[in-house]
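Visitor: Submitted below is the structure of interest, expressed as structure tokens.
Bear in mind that the values in this text are calculations on the coordinates, not laboratory data. This is a predicted model, so every value here is computed, not measured. Cβ: placed from backbone, ideal geometry, glycine included. Neighbour counts: every protein chain shown.
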Amino acid sequence: MNADTSRYQTFTISITPFAEDGAIDEAAMRRHLRKLGDAGVGVYVGGGGSGEGYTLAPEETERLLTIAVEELKGRVPVRAMGVEPRTAKQMIAFLDMAARAGVDAAQVYSLDVGHGHTPTPRELDAYFSEVLSNTDMPSILSTHQSVGYVIPAQVIIDLFGRHSQLIGLNVSHQDPNYLRTLADALGDRIDICVGGPHQAPMALAFGAQGFLSSEGNIAPKLCRSIIDAAKAGDNAAFLERWGKLMRLFMVLYGNGGIRVTKALLEHFGLAGGLPRPPRLHAEADSLAKALAVVEQIELAEIEGW
């Protein structure tokens, strides 16, 4: 498979800044989104991880999507992410919300039936088919390790054969053979992104198009520069920049994650805001570790702070 480098892309799964009283800090959200837009990265809003989507009421999620459209539509791809639903009805309601807000596309998450149970392939096909038969919203299907199971590759391939509004696939699993199978079957027709920068080189080598990251909240220009190097075929620059992003990834993953990302943004006078309970503020030692890596990779110079 010959890679079409013009299709390479990176998306940031945006944070949701909160104020001291727990409300969404709309001014900070707008400032943060403008920074991401200026860097030229695509943006997902309202995600369950980086966006703390599980703490959001439906009306708050819709407000976030509306703000994102106002700030980013026509500048960079702006998409709704949402959270894993328990039923098709919940997913359809989210897609209806995304359509009202006017985002470019929305993610269709894996089904979480609760209590650690795993849907069968037939149940998964029925769930996705019901969702996709009730919307014409441009959609990105997600297969994500967070729900504790893997959607069989053939189920995904068959869905893309039946539903023309599916424009992309987000793959957040660690099995390279699974990724290769999906890229071989679909990579020339739709855009495939992996979850996290750690799989970016492998994804591009297999014929996928890019990666999603939380790290783009603090390092959007670095993320964009990695894709630019890949598009230009500059392997040396790609690896040098990717190595810096991986150092940031490793100091955030397992060291406070989005809580530390928000603390870093606030430390440098950027729009981070606070976590919303049950998440708490970042610990001082976790922030100190992250600051040391930020200095090591010269991130302030790259991002122009």
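Visitor: If packing is taken as the mean number of other Cβ atoms within 10 Å per residue, what is the order of 277-289, 22-34, 241-253, highest first? Intermediate results must be reported in sequence, preceding the final value.
Guide: Numbers: 277-289: 13.8, 22-34: 17.2, 241-253: 19.1.
The densest-packed peptide leads the list: 241-253, 22-34, 277-289.
Visitor: Which percentage, to the nearest 5, of the DSSP beta bridges contained in the chain is antiparallel?
Guide: Details: 2 of 30 bridges.
Around 5 percent antiparallel, to the nearest 5.
Visitor: Quick one: what are the phi-derived ³J(HN,Hα) couplings along the range 33-42, Karplus 6.51/-1.76/1.60 with θ = phi - 60°, whole Hz, x for glycine and proline?
Guide: Per-residue couplings from phi come out as 5, 4, 5, 5, x, 4, 7, x, 9, x Hz.
Visitor: Over 26 Å between C-alpha atoms is what I'm after, so list which of LYS73/LYS289; LYS35/LYS244; LYS89/LYS262; LYS35/LYS89; LYS35/LYS231 land there.
Guide: Numbers: LYS73/LYS289 36 Å; LYS35/LYS244 20 Å; LYS89/LYS262 33 Å; LYS35/LYS89 35 Å; LYS35/LYS231 22 Å.
Violating the 26 Å limit, Cα to Cα: LYS73/LYS289; LYS89/LYS262; LYS35/LYS89.
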